[in-house]
Amino acid sequence: MNASDDTYRLLRETLRRFVENEVVPKAQAWEDQGHVPRDVLRKMGRLGFLGLRYPEKYGGGELDATATALLAEELGRSSFGGFAITVLVHTDMASPHLMNAGNPEQIERWMPGIVSGETITAVAVTEPDAGSDVKAIRTVARRDGGDWLLSGTKMFITNGALAELYFVAAKTDPAAGAKGISIFAVEKGAKGFTVGRKLDKMGWRSSDTTELVFDACRVPAANLLGEAGRGFYAIMKNFQNERIAIAAMAMGESARAIELTLEYVRTRKASGATLWDKQAIRQRLAMLAAKVEAGRQLVYHAASIDAQGRDCVKEVSMAKAYCGELVNEVMYDCLQFHGGVGYIRESAIERMYRDARVQSIGGGATEVMLEEVAKRL
């Protein structure tokens, strides 16, 4: 579908109202407490926001990658990156593993709760010594009768404490390299599974991020997603969805930062005139606005290619690299134009500046994305 279709226009309007009424007035408290309340996620589930791309039979909207971009952009506009990433990990980074690789019994078991917001999900791939290089993970799973035993540690796991269901990558055949990686659905409370320490981050403060420890964690064989040894390919496939979300979120944040800065410079007086009267400032903001619009178009172009079922790796990698860098450029200048006010913790732009930094890292660092593009030039 085209992002201008009535379905998407109505979705954008509904999302924007929800963010303005239910998120912006309350989200600073979530920053202080370090997580997003469950009742907010359940409310989003009731409104249909958590299953935009899933089948209608589970309460989903049966939409395509354009919906991912739109959701991420509007959540980004909230100005609270921690809230946005909490939702997007659940909707577009973790739960797609169930829909894409799960068997009918697994999908029937967990998908209704995922769409309703009763069952929050997380994806556990990254480890202390393995980030973008998924093949380097060390977590292993060995068969023990009718179960698998998982052993290893995962790091930087968004929704680590909040989630009830985790999609965990482990090596079922360590000698087989990428072909030896599988994905397991692990439920909170599984024997041998511990949510480790909560990580104290620079930004995304309302997003809980933890380490996960698996000490011979016993997982039923029925919780293996898809075929053993196909996990690496599932992770690579879903990276495109994840990167569309992060890029679109960055453009929503950037657009909102420019709006806040315009409000400020049009009233802030300096040397007998407003900052807006300074040609250098207004032209710089004009150029940033142009770049953000270019980034938005690149994101939706990549999403449209994905929606057509075509290979979108080059375009998605371009969008992730460009938007991840651009959001940091925007926040730097917007904070600069706020002057000392922008350096104070109670300033929205200060929080947005901190939140933006990780977006050129998470989901695939800029350098990794550029290598993906270079391979395809």
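The values are calculated or read from the model by the stated rules, or taken from the named source; none is laboratory data. For clarity, every value in this text was computed on a predicted model and none was experimentally measured. Cβ placement follows ideal geometry from the backbone for every residue including glycine, while neighbour counts extend to all protein chains displayed.
See the values below:
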{"item": "Qualifying residue in the range 11-19 (condition: within 18 Å of the chain's Cα centre (by Cα), within 19 Å of THR158 (Cβ to Cβ), β-branched (Val, Ile, Thr) and not assigned by TED's automatic domain parsing to the domain that holds ALA302)", "result": "no"}
{"item": "Of all residues in the range 78-129 being among the charged types (D, E, K, R), assigned to a helix (DSSP H, G or I) and in contact with a helix residue (DSSP H, G or I) (Cβ under 8 Å, 6 or more places away or on another chain), the one that is farthest from VAL23 (Cα to Cα)", "result": "GLU105"}
{"item": "Residue in the range 76-96 that is more than 30 Å from GLU31 (Cα to Cα) and outside the structural domain of VAL292 (by TED's automatic domain parsing) present", "result": "no"}
{"item": "Any hit, the range 278-293, residues being surrounded by 15 or more Cβ atoms within 10 Å (Cβ to Cβ), under 23 Å from the mean Cα position of the chain (by Cα) and either more than 16 Å from GLY76 (Cβ to Cβ) or touching a residue at least 40 places away in the same chain (Cβ under 8 Å) (or both)", "result": "yes"}
{"item": "Candidates LEU15, LEU41, LEU63, LEU75, filtered to the one that is out of contact with any Gly (no Cβ under 8 Å at 6 or more places or on another chain) and assigned to a helix (DSSP H, G or I)", "result": "LEU15"}
{"item": "Residue check, ASP311 under 29 Å from LEU50 (Cα atoms), out of contact with any helix residue (DSSP H, G or I) (no Cβ under 6 Å at 6 or more places or on another chain), outside the structural domain of ALA72 (by TED's automatic domain parsing) and loosely packed, with under 15 Cβ neighbours inside 10 Å", "result": "yes"}
{"item": "Test: residue in the range 273-289 that is assigned to a strand (DSSP E or B), assigned by TED's automatic domain parsing to the domain that holds ARG143 and not polar (S, T, N, Q)", "result": "no"}
{"item": "GLY252 outside the structural domain of GLY203 (by TED's automatic domain parsing), touching a Leu at 6+ places or on another chain (Cβ under 9 Å) and surrounded by 18 or more Cβ atoms within 10 Å (Cβ to Cβ)", "result": "yes"}
{"item": "Test for SER151: is it in contact (Cβ under 8 Å) with a residue 12 or more places away in the chain, under 22 Å from ARG109 (Cα atoms) and over 21 Å from the mean Cα position of the chain (by Cα)", "result": "no"}
{"item": "Residue within the range 343-364 that is under 22 Å from LYS291 (Cβ atoms), among the β-branched types (Val, Ile, Thr) and surrounded by fewer than 18 Cβ atoms within 10 Å (Cβ to Cβ) present", "result": "yes"}
{"item": "Out of LYS201, LYS154, sole residue that is assigned to a strand (DSSP E or B) and within 30 Å of TYR353 (Cα to Cα)", "result": "LYS154"}
{"item": "Tally of residues being in a loop (DSSP other than H, G, I, E, B) and either surrounded by 15 or more Cβ atoms within 10 Å (Cβ to Cβ) or hydroxyl-bearing (Ser, Thr, Tyr) (or both) across the range 44-60", "result": "6"}
{"item": "Count - residues of the range 234-275 that are in contact (Cβ under 8 Å) with a residue 12 or more places away in the chain and either farther than 14 Å from GLY339 by Cβ or among the aromatic types (Phe, Trp, Tyr) (or both)", "result": "27"}
{"item": "Residue, farthest from the chain's Cα centre (by Cα), within the range 130-145, restricted to residues that are of a type in the set (Lys, Arg) and not in a loop (DSSP other than H, G, I, E, B)", "result": "ARG143"}
{"item": "Qualifying position, being part of a loop (DSSP other than H, G, I, E, B), assigned by TED's automatic domain parsing to the domain that holds ARG243 and of a type outside the set (Gly, Ala, Ser), among GLU367, GLU346, GLU371", "result": "GLU346"}
{"item": "Residues (buried (at least 18 other Cβ atoms within 10 Å of the Cβ) and of a type in the set (D, E, K, R)) located in the range 365-374", "result": "GLU372"}
